[in-house]
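What follows is a single structure, written as C-alpha cells, with notes after it.
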Amino acid sequence: MSVTPKSSSPASGLTHFDAQGQAHMVDVSAKAATHRVAVAEGWIRMLPATLQVISQGSAKKGDVIGIARIAAIQAAKRTAELIPLCHPLPLTRVAAEFEIDETATRIACRVTAETLGPTGVEMEALTAVQIGLLTIYDMCKAIDRGMVIEGVRLLEKHGGKSGSFVADTAG
C-alpha cells in the first residue's frame, strides 16, 4: 500500500511533495550557498573471532577497515545517484573514522561530510556510514553471516536556514 500526502503545505514539513502530492526535487536555486556539515554514525556487531580477524589484519580479502573507509567516502560522493530526490553536491570534505570496540564486539563508523552549497549533506553522511558498514559485512560474511548493522543516525548538522541540529546523546 502506498501513501501519498494530499498537499505539501509548509506546515506538513514534507518538502519533497508538490501541492498535488507528487514527488519532486526541491528547488534550492534561491538558497544561499553556506558552509554545511553533517556527522552520522552507526556500528556493526559481530562475533569476537570476526573482530579479532579484522583487528589483526588477517582477513583473506585484505585491510577491512581501510577498504571500508574508501567505500564510505565513495558512497558520500555518489549519494545523489542512490537517493532519487537528493541533489548532487560538490563535497569539500568527507572523513570516515572507524573504531573497534572489543568489549561490545563491534566496529563503529562515524562520517563527517562538508560542502559549500545551498543544501545540506546529511544524506551523504548517512549513506557513507551505511556503505562503510556494509563493506565490512561483505568482506567478512564468509566467517560471520550473523553480523548486525545498527544505530545508524544523524548526530549533528550545521549550516543553512534551519541552523544546527545535535542529536540527544542518550539516543
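Numbers for the structure displayed
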{"item": "Test: residue in region 43-60 that is part of a loop (DSSP other than H, G, I, E, B), surrounded by fewer than 21 Cβ atoms within 10 Å (Cβ to Cβ) and under 22 Å from the mean Cα position of the chain (by Cα)", "result": "no"}
{"item": "Condition met for I149 (among the hydrophobic types (A, V, I, L, M, F, W, C) and part of a strand (DSSP E or B))", "result": "yes"}
{"item": "Members of region 67-92 found to be in contact with a helix residue (DSSP H, G or I) (Cβ under 7 Å, 6 or more places away or on another chain) and either free of Cβ contacts under 8 Å to residues at least 24 places away in the same chain or under 16 Å from R36 (Cβ atoms) (or both), listed by number", "result": "A76, T79, C86, H87, P88, L89, L91"}
{"item": "Any chance G163 is among the small types (G, A, S) and without any contact (Cβ under 8 Å) to a residue 12 or more places away in the chain", "result": "yes"}
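One line per residue, one yes/no per condition, for (1) in contact with a Cys (Cβ under 8 Å, 6 or more places away or on another chain); (2) buried (at least 17 other Cβ atoms within 10 Å of the Cβ); (3) not aliphatic (A, V, I, L, M):
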| site | (1), (2), (3) |
| --- | --- |
| E114 | no, yes, yes |
| V148 | no, no, no |
| S164 | no, no, yes |
| A167 | no, no, no |
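Where a number appears in this text, it was derived from the coordinates with a stated rule and is not lab data. As the structure is a computational prediction, the values presented were derived from the model and not from experiment. Please note: Cβ atoms are built from the backbone with ideal geometry, for glycine as well, and neighbour counts cover all protein chains shown.
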